[in-house]
Amino acid sequence: MRAVSLHPDVLVVSSALLRANCVIVRAASTAGEDDAGPVRVRKVPGRPEGEAFVIDSPVLPEELDALPALIEQARFPPPSGLLATHADWDHLLGRIAFPELALGCGESTARRLEQEPGAAQRELRNFDEELGIERPAPLSLGAVQTLPLPGRCELGHRELELHPAEGHTADGMAIVIPWAGVLVAGDYLSSVEIPQLNAGDRIDQYLETLERLGRLLDAVEQVVPGHGPPIASELARNVCEEDSAYLEDLRRDGADAPLPDTRQTRVARAIHAQNVQELTASGS
Ligand SMILES: [Zn+2]
């Protein structure tokens, strides 16, 4: 597990498996020293001030185990909430590290969790079995908190911007951390993967999401994809354009669609083959 600071208030923890990213974001509880204003946060020695959220999750049990200590060492306050960008199992494991916290997610994700009860747990079990991973307890999602999309979510005296991001799956949420200039994209804009259609023919939705994310890129400097390294927004824009072109080609040419220039890899070929299957299965 690797931790990288993108901004004094934003920490990215990357899992050794699936290159999955978990983002920890904090904000002071009142207007504080990070603002020009006269109000200052009174520092209590020993306990970092403010509020923090954990977005998505690392994958390995020992990484989830180590997450609370890592957050403390980074002098971030203990998290008060969890957010998930979408309902794929590998983004839902925050409750294993913080079983006392509620999981917040967009409306579309709450709906999917309700419609597919136990799906995340099943997929996690399959994944663990295949890799011989043992976990002390099964995943329990608890009461899920539904967030309207688009919308805002308070964090201390700051606000996170929440945007719908569907197409990879039937659900999805992208999160902008405006004061840090960071976009947490969910499973989009990865520089190591290509678009993955996990729920049939969602090319139109995926293209709409890319257009929306493209607009959000104007206001940020850095992007954290669900998988793969955090990237500068200029590179993310290139990924965004290549991904749109790939999806247009995929719709027209199916299996013959060329892969994006920057991602002619084995991983990309495997995802492409899956996409072709999804399209065939959904009859388009
Ligand atoms: Zn994922």
_Share antiparallel - DSSP beta bridges, the chain, percent rounded to 5_ = 70 percent
*List, in order, the whole-Hz ³J(HN,Hα) value for each residue of segment 203-216 obtained from phi through the Karplus relation with A = 6.51, B = -1.76, C = 1.60 and θ = phi - 60°; use x for Gly and Pro.*
4, 4, 4, 4, 5, 4, 4, 4, 5, 5, 5, x, 5, 5
*Take the Cα radius of gyration of segment 223-284 and divide it by 2.2 N^0.38 Å, with N its residue count; two decimals is plenty.*
1.20
*How large is ³J(HN,Hα) for each residue in segment 5-17, as worked out from phi by the Karplus curve 6.51 cos²θ - 1.76 cosθ + 1.60 (θ = phi - 60°), to whole Hz, x for Gly and Pro?*
8, 8, 6, x, 9, 10, 10, 10, 10, 9, 6, 5, 9
*asked:* What does the extension gain come out to for residue 5 and residue 131, with contour length at 0.36 nm per residue minus their alpha carbon separation?
replied: 42.4 nm
_Quick check: from the Cα gyration tensor, does segment 69-138 come out rounded (a/c under 1.5), prolate or oblate?_
oblate
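In Å², and per residue, what accessible area does segment 2-281 have when probed at 1.4 Å with the other protein chains present?
Per residue, segment 2-281 has 46 Å² of solvent-accessible surface.
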*Which percent of the accessible heavy-atom area of the chain goes to carbon and sulfur, probe 1.4 angstrom?*
49 percent
*asked:* Could you derive backbone 3J(HN,Hα) for segment 241-247 from the dihedral phi with the Karplus parameters 6.51, -1.76 and 1.60 (θ = phi - 60°), listing whole Hz in sequence and x where the residue is Gly or Pro?
replied: 5, 4, 5, 4, 4, 4, 5
_At 1.306 mPa s and 10 °C, Stokes D of segment 2-281 from Kirkwood alpha-carbon radius, µm² per second_ = 82 µm²/s
*Anisotropy class of segment 58-98 from Cα gyration tensor, a/c 1.5 cut*: oblate
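The values are calculated or read from the model by the stated rules, or taken from the named source; none is laboratory data. What you see is a predicted model; the values in this text were computed from it and never measured. Accessible surface is based on the protein model in full, side chains and every heavy atom, while ligands, DNA and RNA are left aside. Shrake-Rupley method; radii C 1.70, N 1.55, O 1.52, S 1.80 Å.
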